[in-house]
Amino acid sequence: MLFYILGIWILPDIFKAYPTIIIVAVMVIGLSILASIIVYLIIFFGRVRASYIDIKTTKARKLISDKLNHYLFFMESVGNISRDDLRRVATELNKLTVLKFKSRLVRQLLIDQLVYFKKNFTSQTSIALSKLYQNLGLKEFSFNKLHTNSWEVKAQGIAELREMAPIMSATEILPYTNSSNDDLRVEAQAAYVWLNTADPFSFLNDTSEILVEWHQIILFDMITKNEEIIIPPFNKWLNSPNSSIIVFCIKLIIYYKQPDAVPSLIQLLDHSDINVQNRAINALGKLEAISAEPIMIAHYSTFSKSCKLEVLKALRRINSKTSIQFLRAEFLKIDNFYIAKCAMYSIVAISGYTRAQLLAGLPELNAEQKAIINHCFDKLINI
Amino acid sequence: MEIHFQYYLHLIYDRLIFFYSVLIMLSYLTLLVLSIFEIKKYLKRNSYIDHKLLLSSPYAPGISVIAPAYNEAATIDYNVHSLLSLDYPCFEVIIINDGSTDDTLEILIDKYQLKPTAFAYYEQIITQPVKQLFKSSNPVYSRLLVIDKENGGSKADASNAGINAALYPIFLCTDVDCILRRDTLLKMVKPFIEEKVKVIAAGAVIRIVNSCEVESGVLTKVKIPAKFLPLFQELEYVRAFLVGRMAWSKVNALLLVSGGLGMFDKKTVIAAGGYDHASFGEDMELVTRMRGYMERQKTPYAVRYIPESLCWTEVPDNIRVFGSQRTRWTKGLAQNLWIHKKMIFNPRYGRFGMIALPYWLLFEWFAPIIEFTGILYYIYLILTHSINWDFAIILLAFVYTFSVMITVTAVLWDEITQKQYTSKTEVMKLCTAAFFEPFLYHPLALFFSLRGNYFFFTGKKLHWGNMIRTGFAGSKNLIKATVSKVKIRRKKQHEKR
Amino acid sequence: MMLEKILIVEDEPLMLNFLDFRLKKAGYDIRIARDGREAEEYIDSEPFSLIIIDLMIPFVSGLELLAKKKQTAYNKNTPVLIISSYTQKSIITEAFSLGADDFIPKPIDVEDLITKVKILLNKCKIAV
């Protein structure tokens, strides 16, 4: 309709006698041609710009990388570097006038390289990199990113600061730990953990927001790589109403081997979320909680299939001969292939039987059960 | 009588068909807008992220890479090798030798020092008999499992055998002749771990390898196809993936995750019954069935697409092979919609039933048929000298300019996502191809999809049911829910893959 | 005296550049290979005192290189130092079982790297 009115208004007179359909069609033709031309131009100039940037960055990258290598080597061999030396290197890098150091592009390149090195090296090298970062005024550059409007730039800024300038910036980052954008919030929380602030684990008190697997991986990485952080007993969050927080804490309990958490983990066997049950069983196994063995066996029949499999694996890890009787019964039940297979794996691992010893203790087996036993004893499969 | 006929004919073709095409165009525009939102979102979310974090994480989910091989002796060696060298901390590669008549298996045994094992293979989804399972005696290749089975005549059957043997909760289904980027697993697993709802399937952009430089199974330089047919197919792929798939991913109503590269949640796939070995479009059929299953379970879920080109595949460069491929695709689409017709316009299936399926029905399946009748109408007008040439040309230009605009914009989306080609001229070539596509390539595609429809409508009926093994008592309940007998038509069950 | 010859196999240019630079300064003769195939050619054609391998490299994986090295004429007994971002136990054990002599996870402690290089080179000398 709009097209029609517009068409009547702008098209030459000869069209005006045409039916509505044709007028609309003519309008669409015009617009499509216009749009196509614009898109063409965008693609073309985008390419021109990209190839210009590409030439520039390749050159810059090479120069920066050479300078950095010299600098890093120098830093390490002298041990702690003096302020003057540092300033000299900084001015030298600043002097790369060909690069127009002040341009965002080159700065970002420099930061990227520093971050790359920082991620790949520890100790002396790492300290040297941080110093350089601050002396080049790149910290301010990253800080400014926190004041832009797009969340991904903020997140990038936070990531850079966390990586390069660990001593400061906690207060600057704090507001973002409550951001409504999940990605930004987790990035901020990760930085917060990394910066050794007063209460790094406050994010675990979150009761409603689901902490997705990917974010758990980020935070897990931050926490476990931070050697200075004071590790609390994570079982205090195991009664959180937020299942994802419980799951995350269970992972940390396993990593830091916190046996005190066993009683709380046992309570989680009744949790309403199957995933939580699963993880709890997994943790009990990894903590080799022998006290949990009879309880898991007692609960066994009430579990879902996936939890049953976890129990069988946990028993393998707990590795006590008392569970063999139970595992044997599970294997002989002919209920589910995967359960039988998992039970047999555990029997083999715990008992250390040879195939002959094992078969001697078992009644006549069906083809499937024999296949499972052969599978468990095949060295090629179980490398 | 004659007058009535002409009156209705004119009414239909002058009005209704016009509105139909306007509707299609509007839907394209909508997809164009939706897709750029989804692409932007993806780019933002991944702009500052280090995917390598997954490499050192103990919680990176395990992935089984499943690739069926049928008579691939020429390239199997390199291709398996490149699958084995994907970057990921926890994965296995399962190659299914689907009864090859050449020495595919022998080459594998020789190169990877395979030995038969006592692998306890459990058939959750029924397939043609599995003869033997091999593992490598060389610890370097401990991630490799080779299944030797009898030919099942379809990729679906072979993939199902792979799923049966898969160890990990997520699997990636691909073709042995597809070339994957090394970080494919890192990128594709991300939707599975970053969403709050359960992700049941994910796909990524597939490109065309025909003119690219490949060295021992590794892509070293991306080049635009040089030949006529592959070039236009590249254009079509860019449009289909970056506009179509991304937009449907945005509204979570994706129907198709391509067989060349798709990652799936194993449990859901098995619960839904695995690939349908009688389908001509088993990839689309699987996703449709999985979605149907999830909707009935009333579990929130998602199917996601990522706009990155991770997989390069060879496309036909001669009309004959191209024709049979397209015919099969159309038949697969028609068959799929027919099998699942109960979901179409069924509010119980949410957005999927109310928007996505009707879209595919009206604008994908029926479009070529309607277009064809439109052409017949024009011929009729010309023959009866009742055509208004001015109008006809304007209407033709109307459709033409619009479709060029959509295609060129799709190329722009590709440029925004990642600049695949190294040189400007290559992109410009692609853009120029967009001008010629409507009258050079489109008629071909139209012809073959008509042929596919013809085969579909003239095929014989047959009864066919999902086959799942009912060996152990415990798994029976699961099976009952998924076994549904459906009627499908088919002409030849097993065409060459 | 002949400089001790070290082969570095690494595909990330920045890392490669740095290792090359750093070890040259430390007084070694360095050869670099940017992917597994280049590395294969090197170990097939000349003897090295030490090989440093990143596990994730194109064409031929680090683990395969380890296995292939054992079959070469020149480098059968050359010690191998593995560098990798994979830190999962299973992968590290795999590398050791295939004959790696030492393992350095990323991020790298450069001093640690230099010490390990020295130790491995000494071992090699004693063995000879």
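The values are calculated or read from the model by the stated rules, or taken from the named source; none is laboratory data. For clarity, every value in this text was computed on a predicted model and none was experimentally measured. Please note: Cβ atoms are built from the backbone with ideal geometry, for glycine as well, and neighbour counts cover all protein chains shown.
Determine, yes or no, whether residue A:267 is crowded, with 20+ Cβ neighbours inside 10 Å and touching a residue at least 24 places away in the same chain (Cβ under 8 Å).
On the way: crowded, with 20+ Cβ neighbours inside 10 Å: no; touching a residue at least 24 places away in the same chain (Cβ under 8 Å): yes.
In short, no.
Please go through the stretch A:330-343 and pick out each residue that is in contact with an Asp or Glu (Cβ under 9 Å, 6 or more places away or on another chain) and more than 9 Å from chain B (Cβ to nearest Cβ). Even if it seems obvious, please write down each step before you answer.
Step one: of the stretch A:330-343, the residues in contact with an Asp or Glu (Cβ under 9 Å, 6 or more places away or on another chain) are A:334, A:337, A:339-340, A:342-343.
Across the stretch A:330-343, the qualifying residues are A:342, A:343.
Report, by residue number, each residue of the stretch A:182-211 that is of a type in the set (S, T, N, Q) and closer than 20 Å to residue B:194 by Cβ. If you could, list the steps in order and put the result at the bottom.
Initially, the stretch A:182-211 is screened for residues of a type in the set (S, T, N, Q), giving A:189, A:196-197, A:202, A:205, A:207-208.
Of everything in the stretch A:182-211, those that are of a type in the set (S, T, N, Q) and closer than 20 Å to residue B:194 by Cβ turn out to be A:189, A:208.
Those residues that are in a loop (DSSP other than H, G, I, E, B) and closer than 15 Å to residue A:155 by Cα, I need them from the stretch A:179-200; list them, please.
Restricting attention to the stretch A:179-200, the residues satisfying the condition of being in a loop (DSSP other than H, G, I, E, B) are A:179-181, A:195-200.
A:179, A:180, A:181 - these are the residues of the stretch A:179-200 that are in a loop (DSSP other than H, G, I, E, B) and closer than 15 Å to residue A:155 by Cα.
When you check residue C:57 against the structure, is it within 13 Å of another protein chain (Cβ to nearest Cβ), modelled with pLDDT under 90, touching a Lys or Arg at 6+ places or on another chain (Cβ under 9 Å) and crowded, with 17+ Cβ neighbours inside 10 Å, yes or no?
Numbers: within 13 Å of another protein chain (Cβ to nearest Cβ): yes; modelled with pLDDT under 90: yes; touching a Lys or Arg at 6+ places or on another chain (Cβ under 9 Å): yes; crowded, with 17+ Cβ neighbours inside 10 Å: yes.
Here the answer is yes, as residue C:57 does meet what is asked.
Looking only at residues that are surrounded by 22 or more Cβ atoms within 10 Å (Cβ to Cβ) and within 12 Å of another protein chain (Cβ to nearest Cβ) in the stretch B:192-216, which one is farthest from residue B:249 (Cα to Cα)?
So the residue we want is B:192.
For the stretch C:39-54, which residues satisfy the criterion of being farther than 24 Å from residue B:144 by Cα and surrounded by 18 or more Cβ atoms within 10 Å (Cβ to Cβ)? Spell out how you get there, then give the answer.
Step one: list which residues in the stretch C:39-54 are farther than 24 Å from residue B:144 by Cα, which gives C:41-52.
Across the stretch C:39-54, the qualifying residues are C:42, C:43, C:48, C:49, C:50, C:51, C:52.
Conditions first: (1) away from every other protein chain (no Cβ under 13 Å); (2) closer than 17 Å to residue B:94 by Cα. Residue B:225 passes all but one, so which condition is the exception?
Every listed condition holds for residue B:225 apart from (2).
With the structure loaded, tell me whether residue C:32 is buried (at least 21 other Cβ atoms within 10 Å of the Cβ) and either within 12 Å of another protein chain (Cβ to nearest Cβ) or at pLDDT 85 or above (or both) or whether it fails that test.
Working: buried (at least 21 other Cβ atoms within 10 Å of the Cβ): no; either within 12 Å of another protein chain (Cβ to nearest Cβ) or at pLDDT 85 or above (or both): yes.
It is false that residue C:32 is buried (at least 21 other Cβ atoms within 10 Å of the Cβ) and either within 12 Å of another protein chain (Cβ to nearest Cβ) or at pLDDT 85 or above (or both).
Quick one: which residue in B:189, B:222, B:140 is among the β-branched types (Val, Ile, Thr), buried (at least 20 other Cβ atoms within 10 Å of the Cβ) and under 30 Å from residue B:411 (Cβ atoms)?
Details: B:222 fails: buried (at least 20 other Cβ atoms within 10 Å of the Cβ); B:140 fails: under 30 Å from residue B:411 (Cβ atoms).
Going through B:189, B:222, B:140 in turn, just one is among the β-branched types (Val, Ile, Thr), buried (at least 20 other Cβ atoms within 10 Å of the Cβ) and under 30 Å from residue B:411 (Cβ atoms): B:189.
Kindly state which helices (runs of 4 or more DSSP H) lie completely within the stretch B:1-71 and contain at least 3 residues that are surrounded by 17 or more Cβ atoms within 10 Å (Cβ to Cβ). Break it down into steps so the answer makes sense when it comes.
Numbers: elements: B:2-10, B:17-47, B:53-56.
Those helices (runs of 4 or more DSSP H) span B:17-47, B:53-56.
Could you list, in sequence order, the residues of the stretch B:242-281 that are acidic (Asp, Glu) and buried (at least 24 other Cβ atoms within 10 Å of the Cβ)?
B:276
Suppose we keep only residues that are away from chain A (no Cβ under 13 Å), crowded, with 23+ Cβ neighbours inside 10 Å and of a type in the set (A, V, I, L, M, F, W, C) within the stretch B:95-120. Which one would you say is farthest from residue A:371 (Cα to Cα)?
Checked the stretch B:95-120; the qualifying residue farthest from residue A:371 (Cα to Cα) is B:108.
Go through the stretch B:73-86 and give me each residue that's in contact with a helix residue (DSSP H, G or I) (Cβ under 6 Å, 6 or more places away or on another chain) and either closer than 19 Å to residue B:188 by Cα or not in a loop (DSSP other than H, G, I, E, B) (or both). It would help to see each step written out before you state the result.
Going residue by residue through the stretch B:73-86, those that are in contact with a helix residue (DSSP H, G or I) (Cβ under 6 Å, 6 or more places away or on another chain) are B:73, B:76-77, B:86.
Within the stretch B:73-86, B:76, B:77, B:86 qualify.
Residue under question is residue C:25, and the condition is that it be at pLDDT below 85, exposed (fewer than 14 other Cβ atoms within 10 Å of the Cβ) and within 14 Å of chain A (Cβ to nearest Cβ); does it hold?
On the way: at pLDDT below 85: yes; exposed (fewer than 14 other Cβ atoms within 10 Å of the Cβ): no; within 14 Å of chain A (Cβ to nearest Cβ): yes.
Against the criterion (at pLDDT below 85, exposed (fewer than 14 other Cβ atoms within 10 Å of the Cβ) and within 14 Å of chain A (Cβ to nearest Cβ)), residue C:25 does not qualify.
So which residues in the stretch C:63-85 are in contact with a strand residue (DSSP E or B) (Cβ under 9 Å, 6 or more places away or on another chain), within 11 Å of another protein chain (Cβ to nearest Cβ) and either polar (S, T, N, Q) or surrounded by fewer than 22 Cβ atoms within 10 Å (Cβ to Cβ) (or both), if there are any at all?
Correct list: C:84, C:85.
Every residue in the stretch C:86-117 that is surrounded by fewer than 19 Cβ atoms within 10 Å (Cβ to Cβ) and in contact (Cβ under 8 Å) with a residue 40 or more places away in the chain, please.
C:114
Residues are listed down the side, and each one gets a yes or a no for (1) within 19 Å of residue A:181 (Cα to Cα); (2) β-branched (Val, Ile, Thr); (3) away from every other protein chain (no Cβ under 14 Å):
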| site | (1), (2), (3) |
| --- | --- |
| A:196 | no, no, yes |
| A:209 | yes, no, no |
| A:216 | yes, no, no |
| A:219 | yes, no, no |
| A:224 | no, yes, no |
| A:231 | no, yes, yes |
| A:234 | no, no, yes |
| A:239 | no, no, yes |
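Could you run through the stretch A:203-255 and say how many residues are of a type in the set (D, E, K, R) and under 16 Å from the mean Cα position of the chain (by Cα)? Write out each step before concluding.
Pass one, the stretch A:203-255, residues of a type in the set (D, E, K, R): A:206, A:209, A:213, A:221, A:225, A:227-228, A:236, A:251.
Checking the rest, the ones that are also under 16 Å from the mean Cα position of the chain (by Cα) come to A:213, A:221, A:225, A:251.
Residues in the stretch A:203-255 being of a type in the set (D, E, K, R) and under 16 Å from the mean Cα position of the chain (by Cα): 4 in total.
Among the numbered criteria (1) within 14 Å of chain A (Cβ to nearest Cβ); (2) aliphatic (A, V, I, L, M); (3) surrounded by fewer than 21 Cβ atoms within 10 Å (Cβ to Cβ), which single criterion is violated by residue C:19?
Going through (1) within 14 Å of chain A (Cβ to nearest Cβ); (2) aliphatic (A, V, I, L, M); (3) surrounded by fewer than 21 Cβ atoms within 10 Å (Cβ to Cβ) one by one, residue C:19 breaks only (3).
List the helices (runs of 4 or more DSSP H) that sit entirely inside the stretch A:211-278 and contain at least 1 residues that are of a type in the set (Asp, Glu) and under 29 Å from residue B:186 (Cβ atoms).
Numbers: elements: A:213-225, A:243-255, A:262-267.
Result: A:213-225.
Among the helices (runs of 4 or more DSSP H) confined wholly to the stretch B:337-439, which include 2 or more residues that are more than 14 Å from chain A (Cβ to nearest Cβ) and surrounded by fewer than 18 Cβ atoms within 10 Å (Cβ to Cβ)?
Numbers: elements: B:366-383, B:389-417, B:424-436.
Here the list reads B:366-383.
How about the stretch B:211-312: which helices (runs of 4 or more DSSP H) wholly inside it have at least 2 residues that are closer than 30 Å to residue B:77 by Cβ?
In the stretch B:211-312, the matching helices (runs of 4 or more DSSP H) lie at B:228-238, B:266-272, B:282-297.
Name the one entry in A:161, A:174 that is touching a residue at least 12 places away in the same chain (Cβ under 8 Å), in a helix (DSSP H, G or I) and buried (at least 22 other Cβ atoms within 10 Å of the Cβ). Spell out the reasoning first.
On the way: A:174 fails: buried (at least 22 other Cβ atoms within 10 Å of the Cβ).
When all the criteria are applied, what remains is A:161.
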